[in-house]
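Below: the structure, in structure tokens.
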Amino acid sequence: MVFNSLIFIFMFLPIVYLAYTFIPTWTCKCSILVICSLLFYSWGQPASLVLMLVTILWDYFTGLELSLYEGKKRKVIFWIGVLFHVLILMVYKYFNFIFGFTSIHVQLALPVGLSFFTFSAISYLADVYLGKSKAQNNILSLALYLSFFGKVSMGPIVQYHDMEVFLTKQHKITVVQFGEAFQRIIKGLAKKVIVADQLSSMYSTLSTNTTCLGTWLCAIAYMLQIYFDFSGYSDMAIGISRLFGFEFDENFDHPYIANSVQNFWRRWHISLSRWFRDYIYIPLGGNRVSDSLYIRNIFVVWFLTGIWHGASMNFIVWGLYYGVLLLIERFVWKDKLSQLPKFIQHIYTLFLVLIGWVFFYSPSLKDAGSTILALFGIGTNGIWDNQVLFSLRQNLILIVIAIIFSMPIFDVIEKRIVYIWKQKAVVFNVCFWCVLFLISLAFIVGNTFQSFLYFAF
């Protein structure tokens, strides 16, 4: 089941919310959320339910074991617990990639959100092992953390110690918070179905175009699509979670206004960056080590970031590409980049990020190389053709809207309206979000269904 389906919007979410609201005790509320989350997760892929249940049981008993021992035995238990999750990832996601040079081939359907809930499972074990949290004695609470439908499919990757406080009792929300939660859900839905899905059509149309301008437009369309698609999902996930009293941190902070690659990654998929920082980068020594060890740490983190996204050399190169860029900014650019005009810093960052997305969406490294060369007019069939001009005319307004709303201009306008209109702004906001919701529903009904991009990871 997915957030942008009518069955979720008009059946699943309302029923679960009403049941959660009117059931009296926290144990019953927690039970309802766990049961419904498992239903949500296994919808359309029932076999994946077994893997989720195994993951919950494994973490529950491993956590209890960690609470019983100290020293070397505790360390061994922790690493066995982590290796179990890594092994599952390898079997489902990386087995054929690792053994691709042999005749061994395993055909397994990749469970939705495997990389996301696996990182959540490892987060729980790590937090217990490092003493950030106590082992969870209530299996329902742990099951809710791992399977909660608001984050199980595509994150955010909420670390256990951040969610722990919400797993013991209900956190009631006010009417204002209820309205803000729904506003966030509508905002995310609109990003997905009104903007991202239309950009997807443009990207698909131009993906086989071999002209220079066509290549640029295709890359730009994907660059904008993946932002509105993934940030739209994150907005919906955060809004849905707030309906049930869970407070998750932001996962995106207008990454395309970044003025450096480092700044971009402080704004893009923030929960993933935090996970790698807290559980890989800092334990390796972070930046409080020699230059050689710092370089090692960067490459380890970005190799793992790349491979986390998929079993392909493209993703590995994509990850290492960012590792190299971050090292260049630290050791070559140093303070020189910040001394350039803001506009130049911004263009520099956007260009490098766009090149990164070429590696991300290309079927192979060879295709990625050809696309990058085409951006510079090498190996193309001219500057443009009729298909490119037609697509540009058809989608120019869409591109402009996407560029404008990838910046924080919407938030500025909203605050300005509230400041000027005061009480009238409340009525305007309600009308605006209701109209936007209806428009989003019209797009869902009128267009072919498209899943979220990050479902593949």
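The values are calculated or read from the model by the stated rules, or taken from the named source; none is laboratory data. Because the structure is predicted, anything quoted here is derived from the model rather than measured. Cβ placement follows ideal geometry from the backbone for every residue including glycine, while neighbour counts extend to all protein chains displayed. Note: areas computed on protein heavy atoms with side chains; ligands, DNA, RNA excluded. Shrake-Rupley method; radii C 1.70, N 1.55, O 1.52, S 1.80 Å.
Based on this model, can you work out whether residue 143 counts as under 25 Å from the mean Cα position of the chain (by Cα), over 22 Å from residue 53 (Cβ atoms) and in a helix (DSSP H, G or I)?
No.
For region 72-115: of the residues being over 21 Å from residue 129 (Cα atoms) and among the β-branched types (Val, Ile, Thr), which is modelled with the lowest pLDDT?
Among them, the one singled out is 102.
All but one of (1) buried (at least 19 other Cβ atoms within 10 Å of the Cβ); (2) more than 30 Å from residue 175 (Cβ to Cβ); (3) aromatic (Phe, Trp, Tyr) hold for residue 331; state the number of the condition that does not hold.
The number of the failed condition is (1).
Give the residue that is surrounded by the fewest Cβ atoms within 10 Å (Cβ to Cβ), with candidates limited to residues of region 334-368 that are among the polar types (S, T, N, Q) and part of a helix (DSSP H, G or I).
Looking at the filtered set, the residue picked out is 339.
List, please: which pairs have Cβ atoms under 7 Å, are six or more places apart or on different chains, and start with a residue in region 404-431 that is within 26 Å of residue 257 (Cα to Cα) and of a type outside the set (Asp, Glu) and end with one that is open to solvent by less than 80 Å² (accessible area, probe 1.4 Å) and outside any helix (DSSP H, G or I)?
Every condition considered, the pairs that remain are 406/254; 407/254; 408/254.
So, of the residues in region 237-267 that are out of contact with any Asp or Glu (no Cβ under 7 Å at 6 or more places or on another chain), assigned to a helix (DSSP H, G or I) and within 16 Å of residue 352 (Cα to Cα), which turns out to be most open to solvent (accessible area, probe 1.4 Å)?
257
Just name the residue that is most open to solvent (accessible area, probe 1.4 Å) out of those in region 369-381 that are more than 13 Å from residue 216 (Cα to Cα) and in a loop (DSSP other than H, G, I, E, B).
381
Restricting the first residue to region 319-333 and requiring it to be free of Cβ contacts under 8 Å to residues at least 12 places away in the same chain, which pairs with a second residue that is in a helix (DSSP H, G or I) and open to solvent by less than 20 Å² (accessible area, probe 1.4 Å) meet a Cβ separation below 6 Å and a spacing of at least six or different chains?
Listed by first residue and then by second, the contacts come to nothing, as the list is empty.
So, in region 1-32, exactly how many residues are open to solvent by less than 40 Å² (accessible area, probe 1.4 Å) and of a type in the set (Ser, Thr, Tyr)?
3
Take residue 93 and decide whether it is in contact (Cβ under 8 Å) with a residue 40 or more places away in the chain, under 27 Å from the mean Cα position of the chain (by Cα) and open to solvent by 20 Å² or more (accessible area, probe 1.4 Å).
When the stated conditions are applied, residue 93 passes them.
Residue 443 passes all but one of (1) open to solvent by 60 Å² or more (accessible area, probe 1.4 Å); (2) of a type in the set (Phe, Trp, Tyr); (3) free of Cβ contacts under 8 Å to residues at least 12 places away in the same chain; (4) touching a helix residue (DSSP H, G or I) at 6+ places or on another chain (Cβ under 9 Å); which number fails?
Result: residue 443 passes all but (3).
One residue is enough: does region 276-291 have a residue meeting the conditions open to solvent by 40 Å² or more (accessible area, probe 1.4 Å), at pLDDT below 95 and not in a loop (DSSP other than H, G, I, E, B)?
Checking region 276-291: at least one residue is open to solvent by 40 Å² or more (accessible area, probe 1.4 Å), at pLDDT below 95 and not in a loop (DSSP other than H, G, I, E, B).
Within region 116-142, work out how many residues are open to solvent by 10 Å² or more (accessible area, probe 1.4 Å) and either under 23 Å from residue 4 (Cβ atoms) or of a type in the set (A, V, I, L, M, F, W, C) (or both).
6
Out of region 414-432, which residues are more than 31 Å from the chain's Cα centre (by Cα), in a helix (DSSP H, G or I) and surrounded by fewer than 11 Cβ atoms within 10 Å (Cβ to Cβ)?
419, 420, 423, 427
Just for region 33-62: of the residues that are within 15 Å of residue 142 (Cα to Cα) and open to solvent by 40 Å² or more (accessible area, probe 1.4 Å), which one is farthest from the chain's Cα centre (by Cα)?
Checking each candidate, the answer is 61.
Restrict the check to region 404-413 and report whether at least one residue is under 28 Å from residue 2 (Cβ atoms), in a helix (DSSP H, G or I) and of a type in the set (A, V, I, L, M).
Yes, there is a match, as at least one residue in region 404-413 is under 28 Å from residue 2 (Cβ atoms), in a helix (DSSP H, G or I) and of a type in the set (A, V, I, L, M).
Counting only residues that are open to solvent by 10 Å² or more (accessible area, probe 1.4 Å) and in contact with a Phe, Trp or Tyr (Cβ under 6 Å, 6 or more places away or on another chain), which one in region 294-319 is modelled with the lowest pLDDT?
311
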